[in-house]
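Each value in this text was obtained by applying a stated rule to the coordinates, not by laboratory testing. Bear in mind that the values here come from a model prediction, so they are computed numbers and not experimental data. For neighbour counting, all protein chains shown are included, and Cβ atoms are generated from backbone atoms with ideal geometry for every residue, glycine included.
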Amino acid sequence: MSPFSRFALYFAEVARSGSLRKAAERLHVSASAINRQILQAEAEYGLPLFERLPDGLRMTTAGELLLDNIQRWQREFRLTCHYFDDIQGVKRGHVSVGLIQALSDGCMADAFARIASDWPWLRLDLSVGDSLSISQRIRQAEIDFGLVLDPEGQSGLDVLAFAEMPMGVVLPTGHELAERASLSPGELSEERHIIPGEPLVVYDRVRLLYRHHSLAPENAIVCNDIRLIKSLVRQRAGVAVLSLLDVLEEVKQQQLCFVPLKGQLIRPLTLALCTAPSRQLSRAAQMTIKAISGEIERLNTR
């Protein structure tokens, strides 16, 4: 049960999306119903909450002030619900988690499935996104914790557990180089390269690696989707430099091969479990964090 009015929910969604149509699609109500609520509020307050622009809606100063208060009330209500959960003990609970796309299959998904099976009383809200958007939601206390990449340099995050995932060459099974203990970029000169593009986290690392070795393959395939890159490698369209995290499940199932790069050519990718500093976590959230932290620690031993 939510203590917030329909207007508060409608207003907050329009503020996030900047569009009546997009807000209507997310809330599964008509755009006219949302607009009616906003117009009534503006008439009651005697102030415009949005500027009506050709490409959408933009909040006025009054709108920004109202949104800030609504978000604060929502955070405080979520904290109150956590206290309710603690009063109930382990009979009920609600945990919200953000995680990157690379974790939507494999060991981390299995860990959440075990949590759901072991604690049937627990409500889990799992949302998938990119590291930057998840980090922002952590800082704004919209979620209890998140699993993000490379949190160093991002303020407003506490790292509770992390794993260093090495970079290496991803090859199709049966490839003549798959049995090597390690590979250097120079040993890939005869291969077609599938290069990660922006905004993938590995993009900067791979770009620096290629620049350092003066590699500029003319017949390269540039792709900004990890799943498509892996599919292309499986179909022998080329080889790619990725993180072990990207192909952990495929390597386990022997669908792809991963050979580490020689030496310390590029730093590993850091997978981190993060919360907002000084955030008060419910007992259910603490239990979930403990279980997921154990899974992250096991990644360090692989």
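Sorted ascending by nearby beta carbons within 10 Å, beginning with the fewest, H175, H193, H212 become H212, H175, H193. Among residues other than R6 with Cβ under 15 Å from its Cβ, the summed charge is 0 (Lys and Arg +1, Asp and Glu -1). Amide H to amide H, with H built 1.01 Å from N, T60 comes under 5 Å of F50, E51, counting only residues 5 or more places away or on other chains.
Using a simple spin-label model with pseudo-atoms 7 Å out from Cα toward Cβ, E297 and T61 lie 5.3 nm apart.
Taking amide H atoms as placed 1.01 Å from N in the peptide plane, the amide H of H175 has no partner under 5 Å among residues 5 or more positions away or on other chains. Among D246, D68, D144, the largest mean-square fluctuation in a Gaussian network model of the chain (Cα springs under 10 Å) belongs to D68.
The relative contact order of the range 117-217, computed from alpha carbon pairs under 8 Å that lie at least 6 residues apart in sequence, is 14 percent. Could you grab the relative contact order for the chain? Cα pairs under 8 Å, six or more apart, rounded to a whole percent. Worked out over the chain, it gives 22 percent. In percent, rounded to a whole number, the relative contact order of the range 170-302 is 34, using alpha-carbon pairs under 8 Å and six or more apart.
Taking trypsin sites (Lys or Arg not before Pro) across the range 63-172, the ones in a DSSP loop with at most 11 further Cβ atoms lying within 10 angstrom of their Cβ are K91.
With a ≥ b ≥ c taken as the square roots of the eigenvalues of the C-alpha gyration tensor of the range 167-267, please select rounded if a/c is under 1.5 and otherwise prolate if a/b is larger than b/c or oblate if it is not? Judged from the Cα gyration tensor, the range 167-267 comes out rounded (a/c under 1.5).
Listed by Cβ neighbour count within 10 Å, with the fewest neighbours leading, Y210, Y45, Y10 appear as Y45, Y210, Y10. Which of rounded, prolate, oblate describes the range 89-148, given a ≥ b ≥ c as roots of the alpha-carbon gyration tensor eigenvalues and a/c under 1.5 marking rounded, otherwise prolate only if a/b is larger than b/c? Here the range 89-148 falls in the oblate category.
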